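The values are calculated or read from the model by the stated rules, or taken from the named source; none is laboratory data. These numbers come from a predicted model, not from an experiment. With ideal geometry, Cβ positions are generated from the backbone for all residues, glycine too; neighbour counts draw on all protein chains shown. Please note that ligands, DNA and RNA were not included when accessible areas were found on the heavy atoms of the full protein model with its side chains. Shrake-Rupley method; radii C 1.70, N 1.55, O 1.52, S 1.80 Å.
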Amino acid sequence: MRTLETLQIDNQFARLDETFYTRLAPTPLHDVRLVASNPDAAQLLDLDPAQMQRPEFLDMFSGKKLHPKFEPLAMVYSGHQFGVYNPQLGDGRGILLGEVVNEKGEYWDIHLKGAGKTPYSRFGDGRAVLRSCIREYLGSEALHHLGIPTSRALCIFGSREPVQRETIEQGAALIRLSPSHVRFGSFEFFFYNRMEEQLQALADFVIARHYPDFQQADNPYAELFRAAVNSTADMIAHWQSVGFAHGVMNTDNMSILGITFDYGPFGFMEDFVPGYICNHSDHNGRYAFHQQPGIALWNLNALAQALTPLVPQQDLVDALRSYEGRLLTSFHQRMYDKLGLANATADDQTLVTDLIGLLSNNHPDYTIFFRRLSRLAHDADMAPVADLFIDRESARTWIQRYRQRATQQPMADAERLHRMQASNPKYILRNYLAQSAIEKAEQGDFSEVERLRVLLTKPFDEQPEMEKYADFPTDWGKSLEISCSS
Ligand code: AMP
Ligand code: MG
């Protein structure tokens with residue numbers, strides 16, 4: 001374990017030339033203080049978690065007196081927002097402070113979100129609010145512990161600085177850790193500005209750092225695109241399997257590594273409604289839950305377009321054509337795991353499709369449905385599951401079919417249930433749970449943020465003293481609307 005002074009800092013992105021970023025230091029918040037810190041994420045940096053309690057940590061990471069080895073910069077990018085190309089984006093309120101390389105040789109970008117204005121701020125104030133920092137802090141850690149590739153969150157800095165959103169809120173900042181901050185939109189920026197040399201240099205940077213084996217391929221850039229297609233398809237399959245809705249799948253929010261990135265008005269779907277829209281500003285439902293697989297493909301098309309100077313068109317088209325198969329295979333495998341089915345056959349696809357139809361018509365709580373099913377022994381009364389449905393008869397018919405299928409496999413019932421509980425979380429970050437933690441934090445009490453963080457590190461475990469956190473949302477919790485302003 002390292003101290004702040006012995007952290008291994010190696011700023012590779014800053015070695016690219018200045019067309020990729022603008023160098024500038026963060027503008028610290030007034031009376032900034034550490035309000036939440038995540039020991040799991042500190043481990044990624046080989047940093048002893050106790051180091052985060054030193055006053056020097058606050059200074060070095062919040063920007064009051066930066067770590068001497070950091071080389072802060074705001075990255076440039078562009079992207080398609082709600083389907084429309086915006087040529088002028090970039091880190092408008094985030095600053096890449098530096099990069100840490102750990103003993104495993106992994107690089108982690110240290111990114112301060114809410115760092116103050118940058119040349120890319122446009123009309124924004126360069127700030128983030130406490131509400132959105134808490135949501136990203138808890139959301140990204142929740143996804144990580146569900147096994148979904150994602151950026152991580154190291155800590156939150158709070159302040160009394162007022163920030164104007166729909167109302168006046170408290171300013172805050174988040175330290176996000178990510179293996180990369182390169183987005184689809186980073187490639188689009190260089191493509192649309194006809195900067196092919198930089199486009200290639202950016203691809204070379206990503207390949208050298210994340211996919212060194214591709215350097216031996218006939219066309220490393222074609223491999224990079226295939227990797228983006230595959231990792232994005234797998235990520236979406238995983239999102240769909242747990243009911244995660246990202247909310248703002250603009251191409252500037254899509255990581256080139258296919259990891260969950262840039263948390264805004266995301267939400268975990270509670271009642272199963274395929275058209276679930278978590279972002280209340282998304283009036284047309286472009287980023288509704290059931291749109292995510294298609295939107296990711298749309299975004300991959302935008303990335304393919306940006307890579308046309310580097311990859312023959314046929315290779316791009318072939319990779320794009322492989323997306324749907326990869327996504328479906330990945331999604332079905334996750335559903336078979338959730339149902340505890342080994343050696344699945346084509347018939348099982350029908351079982352899954354029929355289940356999705358049943359859920360869509362009846363809107364039971366998605367998480368509670370699967371968790372109850374994972375506790376339903378073959379000889380047990382099916383009421384706890386069937387009673388979640390409006391049309392109980394249809395639910396019973398499906399459960400009966402499922403039971404018949406499951407009893408045919410050479411697996412003890414206890415083993416099936418055990419496997420299912422490892423695939424169906426009991427605890428997710430429900431909106432009402434996040435909201436309660438935010439409301440307390442706004443009053444200065446961060447204990448609920450920490451309680452939720454710890455709870456969500458073990459989403460699949462029974463945690464008897466935390467039972468109420470697995471409950472249905474209250475009516476109040478169901479009607480919460482998530483603002484896209486952050
Ligand atoms: P997002 O939808 O949060 O991914 O942001 C889209 C773009 O707007 C990015 O370039 C952000 O850096 C920028 N942005 C978002 N909020 C702010 C803000 N408060 N101040 C400055 N820029 C912002
Ligand atoms: Mg963004």
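Tell me whether segment 365-375 contains one or more residues that are of a type in the set (Asp, Glu), out of contact with any helix residue (DSSP H, G or I) (no Cβ under 8 Å at 6 or more places or on another chain) and within 21 Å of residue 146 (Cβ to Cβ). There is at least one residue in segment 365-375 that is of a type in the set (Asp, Glu), out of contact with any helix residue (DSSP H, G or I) (no Cβ under 8 Å at 6 or more places or on another chain) and within 21 Å of residue 146 (Cβ to Cβ).
The number of residues in segment 79-91 that are open to solvent by 50 Å² or more (accessible area, probe 1.4 Å) and within 10 Å of ligand 2 (Cβ to nearest atom) comes to 1. Going through (1) at pLDDT below 95; (2) over 24 Å from residue 113 (Cα atoms) one by one, residue 279 falls short only on (2). Among the residues of segment 288-302, those that are touching a Ser or Thr at 6+ places or on another chain (Cβ under 7 Å) and either among the hydrophobic types (A, V, I, L, M, F, W, C) or without any contact (Cβ under 8 Å) to a residue 40 or more places away in the chain (or both) comprise 296, 300, 302. For segment 186-204, which residues satisfy the criterion of being buried (at least 19 other Cβ atoms within 10 Å of the Cβ) and away from ligand 2 (no atom under 16 Å from the Cβ)? The answer is 190, 191, 198, 199, 202, 203. Listed by position, the strands (runs of 3 or more DSSP E) contained in segment 1-99 that have at least 2 residues being of a type in the set (Gly, Ala, Ser) and in contact (Cβ under 8 Å) with a residue 12 or more places away in the chain are 33-37.
Does segment 455-466 hold any residues that are open to solvent by 70 Å² or more (accessible area, probe 1.4 Å) and within 14 Å of residue 429 (Cα to Cα), and which are they? Result: 458, single match. If you go through segment 261-297 and keep only what is in a loop (DSSP other than H, G, I, E, B), away from ligand 1 (no atom under 11 Å from the Cβ) and among the polar types (S, T, N, Q), you end up with just 284.
Residues of segment 111-130 that are crowded, with 22+ Cβ neighbours inside 10 Å and more than 16 Å from residue 32 (Cβ to Cβ): 111, 118. Looking only at segment 131-145, count how many residues are open to solvent by 10 Å² or more (accessible area, probe 1.4 Å) and more than 15 Å from ligand 2 (Cβ to nearest atom). Counting residues in segment 131-145 that are open to solvent by 10 Å² or more (accessible area, probe 1.4 Å) and more than 15 Å from ligand 2 (Cβ to nearest atom) gives 3. Does residue 266 fit the bill of being more than 16 Å from ligand 2 (Cβ to nearest atom) and within 26 Å of residue 142 (Cβ to Cβ)? For residue 266, the condition - more than 16 Å from ligand 2 (Cβ to nearest atom) and within 26 Å of residue 142 (Cβ to Cβ) - is not met. Just one of the listed residues (258, 247) is more than 16 Å from ligand 1 (Cβ to nearest atom), in contact (Cβ under 8 Å) with a residue 12 or more places away in the chain, under 30 Å from residue 206 (Cα atoms) and under 11 Å from the mean Cα position of the chain (by Cα), namely 258. Restricted to segment 92-110, and to residues there that are within 17 Å of the chain's Cα centre (by Cα) and away from ligand 1 (no atom under 16 Å from the Cβ), the residue that is surrounded by the fewest Cβ atoms within 10 Å (Cβ to Cβ) is 108.
Of a type in the set (Lys, Arg) and open to solvent by less than 10 Å² (accessible area, probe 1.4 Å) - does that describe any residue in segment 441-454? No; the residues of segment 441-454 include none that is of a type in the set (Lys, Arg) and open to solvent by less than 10 Å² (accessible area, probe 1.4 Å). Candidates are the residues of segment 340-358 that are in contact with a helix residue (DSSP H, G or I) (Cβ under 7 Å, 6 or more places away or on another chain) and among the aliphatic types (A, V, I, L, M); the one that is nearest to residue 413 (Cα to Cα) is 341. Restricting the first member to segment 434-449 and to residues that are of a type in the set (S, T, N, Q), and the second to residues that are part of a helix (DSSP H, G or I) and open to solvent by 10 Å² or more (accessible area, probe 1.4 Å), the beta-carbon pairs closer than 9 Å and six or more apart or on different chains are 435/131; 435/476; 436/448; 447/440.
Consider segment 186-198 and keep the residues that are touching a Gly at 6+ places or on another chain (Cβ under 9 Å) and either part of a strand (DSSP E or B) or not hydrophobic (A, V, I, L, M, F, W, C) (or both). The one that is farthest from residue 244 (Cα to Cα) is 188. Set side by side, the residues 311, 317 differ, and just one is surrounded by 15 or more Cβ atoms within 10 Å (Cβ to Cβ) and either more than 25 Å from residue 273 (Cα to Cα) or modelled with pLDDT under 95 (or both), which is 311. With the condition kept exactly as written, say whether any residue in segment 221-243 is open to solvent by 10 Å² or more (accessible area, probe 1.4 Å) and within 16 Å of ligand 2 (Cβ to nearest atom). Checked segment 221-243: no residue is open to solvent by 10 Å² or more (accessible area, probe 1.4 Å) and within 16 Å of ligand 2 (Cβ to nearest atom). For segment 146-185, the candidate set comprises residues that are part of a loop (DSSP other than H, G, I, E, B) and open to solvent by 10 Å² or more (accessible area, probe 1.4 Å); within that set, the residue that is farthest from ligand 1 (Cβ to nearest atom) is 147.
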